[in-house]
Each structure stands twice: as C-alpha cells, then as structure tokens.
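Novice: Let me give you the structure first, and then I'll get to my questions.
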2 protein chains.
Amino acid sequence: MEEKEISQAVVSRLPRYFRYLGELKDEGIERVSSQELSDIMRVTASQIRQDLNNFGGFGQQGYGYNVGYLYDEIGKILGLNKEHRLIIIGAGHLGQALVNYMNFERRGFIFKGIFDIDTQLHGTQIRGIAVRPMQEMEQFVRENDIDIAVLTIPKSSAIEIAEQLVSYGIKGIWNFAHVDLHVPKGVQVENVHLSDSLMKLSYNLVSRKG
Amino acid sequence: MEEKEISQAVVSRLPRYFRYLGELKDEGIERVSSQELSDIMRVTASQIRQDLNNFGGFGQQGYGYNVGYLYDEIGKILGLNKEHRLIIIGAGHLGQALVNYMNFERRGFIFKGIFDIDTQLHGTQIRGIAVRPMQEMEQFVRENDIDIAVLTIPKSSAIEIAEQLVSYGIKGIWNFAHVDLHVPKGVQVENVHLSDSLMKLSYNLVSRKG
C-alpha cells in the first residue's frame, strides 16, 4: 500500500478500529460490512467508510471488508509490524504496571530496560528486567537501539530527564509526568495526563447536575 | 458566576490552564497577562482570551488576569471544590499506583474503598485502605455515597462490573480497561486507553520517517 497523509483525527480513531477488528478476527469472522462495524462500534457507517477510504480499496460493494487484511493493514499504518524497543524511567507502581502489562509486548513494544534513582531498587527485577541506576541510561540507550522512553517520574525531574534522553537519541517519549515537555522537531511526545482525565470526568459529573 | 454551556474542546483544555495557573500561584505570582500565559503555555494569546472569555470577565485590559481568582474559578468549573468519593476495582499495580498518587486527594478525589477478586489480597491495605471482596461492593457503594468508580481490571470483566456499578448508583466511571463501556444516559465515562495512546506514539514515530 502506498503511503499517504492521514489526518490526526483519523489517526486517533485507528487504534479503536484495530481493537474491534482484532476481536472479530479472534472470533474467526472473515468479513464485515461497514453497517455491521457501525453497529458494534457505535459510530455511523458513513464515518467508517470515510475513515477506511483513507487507506484505499479495502472495502468492496456487496462484500464488505476483509477482517484479517484490514486488521493487518491498520496494524502496519500504526507501525505495529516493527519492533519498538522501550526503556522506562521510574520503577514505581505505575512503571511496574506498564512493564507487567503483557499486551504491549504482543503488539511489538518490548521493554528492554528500567531505570530509577532509588539505589535500593538497583539489581531487583521486574518481569525479568533489571532495574538500573540512572547513570547507565546513556550507554544503555545507545547500545540497545532504544527508540521509546516511558517517563513515570515526578514532574520535577521529567523535563531534565527528557532533555537527556533526547540528547542520547530517543525519538519517542511516552510521558506520564504531569508536565508539558518541549522537545526538538523530530521527537514525538505522547502524553498521558491522568489528572487532566480525572478532572474532565469531574467536570462532566458536576455539569450534568448543574 | 453563572452557569453557561461550555464546549467540550474548551473543557478539555481547562485542566491545563488550571495546572499552569496553580504553578504561577505557587510561585507567588498574582497577575498574568494573556501574552505571558501564551509564552509559558505555548498557545496563542488570542486562544487564551477566547477560552477564558467563556467564563466572563476574568481579564481586564491593561491588568491581565488575577491568578488566584482565575485558578479558583476554573477549579470550581471543573468540580474540584466538591469532594468526590471513589472506589477502585482492581488492586493490581495500576490500581496501587492510582491509590498512592497523592495529588488526586489534594484535588478532592478521595479513595474510599478498594475491591479485588483475589482472596489473597482481602484484608491487606494500600495506603491505609483495606482491599475488600467484590461481594461487599454493592453495600459499600450505597453506604458510602460513592460517586466515581475506577476500573483497573481486565477487559473480560469490565463490562459486567460496570453494569453492576451503575445499578448500585455510580454516576462516574474512570475506565482503564481496554474496552468501550456502554452506560445509560446520566452516567459519565472517561476512558484511559493506554494501548491506544502507545499506538498513536508508534504511528507518529513511523510516519515521521515514512
């Protein structure tokens, strides 16, 4: 398939298509119409057709979509056919939760190293991966072809650590610290601001009543 | 201040304003111009003026915004002046990470109960909160005026548990399970789909190169 510019709005919906198609595939379903997808995903069939048309002729009038093919193609677009090599900075509960979540590995996101400032943790293992001192980070990133760093550290140190990581060649940062990171062009940051999410829920709870 | 309909786009930006204003407040800064806010938040001053105009006359030509007042008002709009009472279902690493994150409590989100199917965990405590069996959930929700349930459980059980919680009177669900929940009108769901977020990062990494 040829590469084509896809809008960020469509991109942000792709993981959801990927998830639903994966479930259909697991159930042994080989084809699905946009109307059937519409029913299970609760978006309009026309939205689905528009979104999937971005990737060329996956659908066929009267046949629908080939589930396995569409699943694979969306996976490729999402970069899931390539292995990503991750390190995680911060071996606290959140860091442990992420390292222990097996589904990431199934999608090609492989945790290679864990770093923490707490000397007590050095040498301990999380799912077989040793926790290392921060001083080893640079060499580890350079030697192990790491492309994504996950930050599960307090905001006070996140900006400085992110700058270091970028200087070591990290191209993607999955940021859980509650601070905005400013990185050079060419470096991608994806934020998970848990407090913001909880505040949105709170707003919707309160305004529903108001 | 009078209540007014605010677009979801603005709502989703409010936590970020709240965060920056809180930092200015902590630094003892009493007023800020939209241009100064623009510089530190890296959005246009006109966007800031438009967003904050939704809440009436916080700003004054030549004076700027009163940091403390604006901080408090945005906090009220976000429902942070009211206490929210939470339970968490799933005492794994992610659940523990959330319970241990002190900032939520500082914002009025109080964890009251933790539930898990694992009998080995029952009676153990996380930050002083006992882990309880699922069978006690209904009574606990009804007796403790719980308004938010946090789901850190596998997708296989999330839909059923969410239905139960709604029948017990839960009005808000903060959902970390990787599945879409369909809830009745009047119940609010806020999703944190970590896999989707990681896939978006992967897309941006791959398409940057492509």
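Novice: Among (1) under 29 Å from A:GLY92 (Cβ atoms); (2) more than 9 Å from every other protein chain (Cβ to nearest Cβ); (3) modelled with pLDDT under 95; (4) touching a Lys or Arg at 6+ places or on another chain (Cβ under 7 Å), where does B:GLU105 come up short?
Specialist: (4) is the only condition that B:GLU105 fails.
Novice: Restrict the check to segment B:144-157 and report whether at least one residue is more than 9 Å from chain A (Cβ to nearest Cβ), among the small types (Gly, Ala, Ser) and touching a residue at least 60 places away in the same chain (Cβ under 8 Å).
Specialist: Yes: segment B:144-157 contains one or more residues that are more than 9 Å from chain A (Cβ to nearest Cβ), among the small types (Gly, Ala, Ser) and touching a residue at least 60 places away in the same chain (Cβ under 8 Å).
Novice: Which pairs do you get when a residue that is under 14 Å from B:VAL11 (Cα atoms), found in segment B:64-90, comes within reach of a residue that is basic (Lys, Arg), reach meaning Cβ atoms under 9 angstrom, with the pair 6+ apart or on two chains?
Specialist: B:GLY75/B:ARG107; B:LYS76/B:LYS82; B:LEU78/A:LYS200; B:LEU78/B:ARG107; B:LEU80/B:ARG107
Novice: Continuing with this model, one more query. Out of all the residues in segment B:30-45, is one or more more than 12 Å from chain A (Cβ to nearest Cβ) and at pLDDT 95 or above?
Specialist: no
Novice: Can I ask one more? In this structure, is A:GLY123 in contact with a strand residue (DSSP E or B) (Cβ under 8 Å, 6 or more places away or on another chain), in the same structural domain as A:ASP147 (by TED's automatic domain parsing), at positive phi and surrounded by fewer than 15 Cβ atoms within 10 Å (Cβ to Cβ)?
Specialist: Spelling it out, A:GLY123 is indeed in contact with a strand residue (DSSP E or B) (Cβ under 8 Å, 6 or more places away or on another chain), in the same structural domain as A:ASP147 (by TED's automatic domain parsing), at positive phi and surrounded by fewer than 15 Cβ atoms within 10 Å (Cβ to Cβ).
Novice: Looking at (1) assigned to a helix (DSSP H, G or I); (2) at pLDDT below 90; (3) surrounded by 16 or more Cβ atoms within 10 Å (Cβ to Cβ), which one does A:SER12 not meet, given that it meets all the others?
Specialist: Here A:SER12 clears every test but (3).
Novice: Also: Hey, does segment B:168-185 have a residue that's among the polar types (S, T, N, Q) and either surrounded by fewer than 13 Cβ atoms within 10 Å (Cβ to Cβ) or touching a Ser or Thr at 6+ places or on another chain (Cβ under 8 Å) (or both)?
Specialist: The answer is no, given that none of the residues of segment B:168-185 is among the polar types (S, T, N, Q) and either surrounded by fewer than 13 Cβ atoms within 10 Å (Cβ to Cβ) or touching a Ser or Thr at 6+ places or on another chain (Cβ under 8 Å) (or both).
Novice: Pick from B:ILE117, B:ILE159: which is β-branched (Val, Ile, Thr) and more than 30 Å from A:LYS76 (Cβ to Cβ)?
Specialist: Residue meeting the stated conditions: B:ILE117.
A quick yes/no check of all residues on (1) buried (at least 16 other Cβ atoms within 10 Å of the Cβ); (2) under 30 Å from A:VAL131 (Cβ atoms); (3) touching a Leu at 6+ places or on another chain (Cβ under 7 Å); (4) assigned by TED's automatic domain parsing to the domain that holds A:ASP147:
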residue: A:GLU23; (1), (2), (3), (4): no, no, no, no
residue: A:ASP26; (1), (2), (3), (4): no, no, no, no
residue: A:ILE29; (1), (2), (3), (4): no, no, no, no
residue: A:GLN50; (1), (2), (3), (4): no, no, no, no
residue: A:HIS93; (1), (2), (3), (4): yes, yes, no, yes
residue: A:ASN100; (1), (2), (3), (4): no, yes, no, yes
residue: A:GLU105; (1), (2), (3), (4): no, yes, no, yes
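Novice: Of everything in segment B:77-87, what is facing another protein chain (nearest Cβ under 9 Å) and either part of a helix (DSSP H, G or I) or among the acidic types (Asp, Glu) (or both)? Give them in sequence order.
Specialist: B:ILE77
Novice: Determine, yes or no, whether B:GLY186 is touching a helix residue (DSSP H, G or I) at 6+ places or on another chain (Cβ under 6 Å), at the interface with another protein chain (Cβ under 8 Å from one of its Cβ atoms) and of a type in the set (Gly, Ala, Ser).
Specialist: No.
Novice: So is A:ILE110 more than 9 Å from every other protein chain (Cβ to nearest Cβ) and crowded, with 21+ Cβ neighbours inside 10 Å or not?
Specialist: No, not satisfied.
Novice: Given the structure, is A:GLU73 out of contact with any Cys (no Cβ under 9 Å at 6 or more places or on another chain), in the same structural domain as A:LEU14 (by TED's automatic domain parsing) and surrounded by fewer than 22 Cβ atoms within 10 Å (Cβ to Cβ)?
Specialist: Taking the combined requirement at face value, the residue satisfies it.
Novice: While we're here: Working carefully through the options B:GLY172, B:GLY113, B:GLY128, B:GLY108, find the one that is at positive phi and in contact with a strand residue (DSSP E or B) (Cβ under 9 Å, 6 or more places away or on another chain).
Specialist: Step by step, each of B:GLY172, B:GLY113, B:GLY128, B:GLY108 is checked, and only B:GLY108 is at positive phi and in contact with a strand residue (DSSP E or B) (Cβ under 9 Å, 6 or more places away or on another chain).
Novice: Going by what's in this entry, would B:GLY68 be described as away from every other protein chain (no Cβ under 12 Å), outside any loop (DSSP other than H, G, I, E, B) and touching a strand residue (DSSP E or B) at 6+ places or on another chain (Cβ under 8 Å)?
Specialist: The answer is no for B:GLY68.
The values are calculated or read from the model by the stated rules, or taken from the named source; none is laboratory data. Keep in mind the model is a prediction, meaning the values are calculated, not measured. Counting neighbours? That spans all protein chains shown, and the Cβs are built from the backbone with ideal geometry, glycine included.
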